[in-house]
Amino acid sequence: MAETNPNSRLEAFCDGVFAFALTLLVVEVKIPSTEHITSTTDFWNALERIAPLVGTFLLSFGVIFITWVNHHNALKLLNKTSSPLIYANGLLLLSIVFIPFPTGLIGEYILTDHASPAVILYEAVLALQALGWIAATQASLKGNLLKNEKAIVQARDARKFGVYALVTYSLCAILAIWYPLVIAVITTLIWIYWLIYGIRLKEE
């Protein structure tokens with residue numbers, strides 16, 4: 001029997017990678033050590049110290065989840081696949097599985113004088129993700145992999161957003177040298193916007 005969905009194996013593999021990245025992400029959230037906790041106040045203080053890590057965990061969870069939704073929708077536009085698309089998709093997945101590392105760094109150093117490298121690396125990973133989107137959409141357009149004209153328009157829009165994202169996160173990475181906390185806040189607001197945009201888009 002012929003395979004009804006030619007991209008089913010690719011989609012299953014990608015879903016596994018996204019799930020693995022989320023698992024790695026939550027591992028970064030460590031339970032406070034009980035060694036110096038002798039009262040409830042000490043416990044609250046310990047939780048306060050890990051608050052930045054929890055915050056970056058929520059941000060990165062949002063990044064990975066929104067990317068998974070967009071990736072799922074993008075695969076539905078295809079009626080076949082190609083080697084260039086598979087390798088471009090691999091670049092996108094690389095950015096996803098790497099996110100937990102800068103997430104842990106930001107959670108640890110964002111409120112210190114050494115926050116810049118962590119934020120720069122985080123922005124660089126997001127820029128890499130944008131590059132992955134550009135490469136994947138370009139491969140789908142150039143390889144005539146899309147189902148219909150509507151899918152072609154959507155892929156072109158995704159490529160355009162990918163270019164905007166690449167420029168934005170590259171600039172953020174540069175500005176993070178001097179303003180890491182500000183850039184971290186701006187990045188959070190950007191992804192909150194994309195979350196709201198995605199929910200409203202589904203409601204229309």
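Sequence gap at least 6, Cα distance under 8 Å: using those rules, report the relative contact order of region 57-170 to the nearest whole percent.
Values: 113 pairs, mean separation 37.9, N = 114.
Across region 57-170, relative contact order equals 33 percent.
Determine the gain in length on full extension of the stretch HIS114-LEU58; use 0.36 nm per residue of separation and subtract their C-alpha separation, reporting nm with one decimal. Please list the in-between numbers first.
Values: separation 56, 0.36 × 56 = 20.16 nm, distance 2.15 nm.
This chain segment gains 18.0 nm when fully extended.
State in Å² the accessible area per residue of the chain; use a 1.4 Å probe, count heavy atoms of protein chains only, and round to the nearest integer.
On the way: 12200 Å² over 204 residues.
Normalised by residue count, the accessible surface of the chain is 60 Å².
Which of the three applies to region 118-204, rounded, prolate or oblate, going by the alpha-carbon gyration tensor with a ≥ b ≥ c and a/c under 1.5 meaning rounded? Could you put the intermediate results ahead of the total?
Working: a/c = 3.75, a/b = 1.67, b/c = 2.24.
It is oblate, given that a/c is not under 1.5 and a/b is not larger than b/c.
Each residue of region 126-139 in order: what ³J(HN,Hα) in whole Hz does its phi give by Karplus 6.51 cos²θ - 1.76 cosθ + 1.60, θ = phi - 60°, with x for Gly and Pro?
5, 5, 5, 4, 4, 4, x, 4, 4, 5, 5, 5, 5, 5
In whole Hz, with x marking every Gly and Pro, tabulate ³J(HN,Hα) for region 75-84 from phi via Karplus 6.51 cos²θ - 1.76 cosθ + 1.60, θ = phi - 60°.
Values, residue by residue: 5, 5, 7, 9, 10, 6, 10, 7, 4, x Hz.
Taking the Cα centre of the chain as origin, work out the dipole magnitude from +1 charges on Lys and Arg Cβ and -1 charges on Asp and Glu Cβ, in debye rounded to 20.
Details: 13 positive and 14 negative charges, 193 e Å.
The dipole magnitude comes to about 920 debye.
Quickly work out the LEU189-to-PHE101 label distance, labels modelled 7 Å from Cα along the C-beta direction, and quote it in nm with one decimal.
Placing both labels 7 Å beyond Cα along the Cβ direction yields 3.0 nm.
How would you order 46-53, 58-65, 184-191, 131-138 from highest to lowest mean count of nearby Cβ atoms within 10 Å?
Values: 46-53: 14.1, 58-65: 19.8, 184-191: 16.4, 131-138: 22.1.
So the order, starting with the most tightly packed, is 131-138, 58-65, 184-191, 46-53.
Compare the Cα positions of ALA21, VAL63, LEU78 along the charge dipole of region 1-153 (+1 at Cβ of Lys, Arg; -1 at Cβ of Asp, Glu; about the Cα centre) and return the one farthest towards the positive end.
Final value for the positive-end residue is LEU78.
Express the C-alpha Rg of region 39-99 as a ratio against the empirical globular expectation 2.2 N^0.38 Å, rounded to two decimals. The partial results should precede the final answer.
Values: Rg = 18.5 Å, N = 61, 2.2 N^0.38 = 10.5 Å.
Region 39-99 yields a ratio of 1.76.
Within the chain, what is the number of lysine pairs with alpha carbons under 13 Å apart, leaving out pairs fewer than eight places apart on the same chain?
On the way: LYS76/LYS147; LYS76/LYS150; LYS80/LYS142; LYS80/LYS147.
Lysine pair count for the chain: 4.
Of the listed values (1) 81, 44, 31; (2) 39, 39, 38; (3) 65, 41, 33, grab the one calculated as Cα extents along the principal axes in Å from the structure here.
Step by step, Cα extents along the principal axes in Å for this structure corresponds to label (3).
DSSP loop trypsin sites (Lys or Arg not before Pro) in region 112-159 with at most 13 other Cβ atoms within 10 Å of their Cβ, which ones?
Values: sites: LYS142, LYS147, LYS150, ARG156, ARG159; in loops: LYS147.
Taking region 112-159 and a limit of 13 other Cβ atoms within 10 Å, the loop trypsin sites (Lys or Arg not before Pro) found are LYS147.
Measure nothing but the geometry: give the 0 to 90° angle between the long axis through the Cα atoms of 8-27 and the longest principal axis through the Cα atoms of the chain, rounded to 10°.
10
When the Karplus curve 6.51 cos²θ - 1.76 cosθ + 1.60 is applied with θ = phi - 60°, which whole-Hz ³J(HN,Hα) does each residue of region 104-109 get, with x for Gly and Pro?
x, 5, 5, x, 7, 10
Given a 1.4 angstrom probe, I'd like the percentage of the accessible area of the chain that is carbon and sulfur, rounded to a whole number.
Summing carbon and sulfur atoms, their accessible area is 67 percent of the total for the chain.
The values are calculated or read from the model by the stated rules, or taken from the named source; none is laboratory data. As the structure is a prediction and not an experimental result, all values here were calculated from the model. Note: ideal-geometry Cβ built from the backbone for every residue, glycine included; neighbour counts use all protein chains shown. Only protein heavy atoms, including side chains, enter the accessible area calculation; ligands, DNA and RNA are left aside. Shrake-Rupley method; radii C 1.70, N 1.55, O 1.52, S 1.80 Å.
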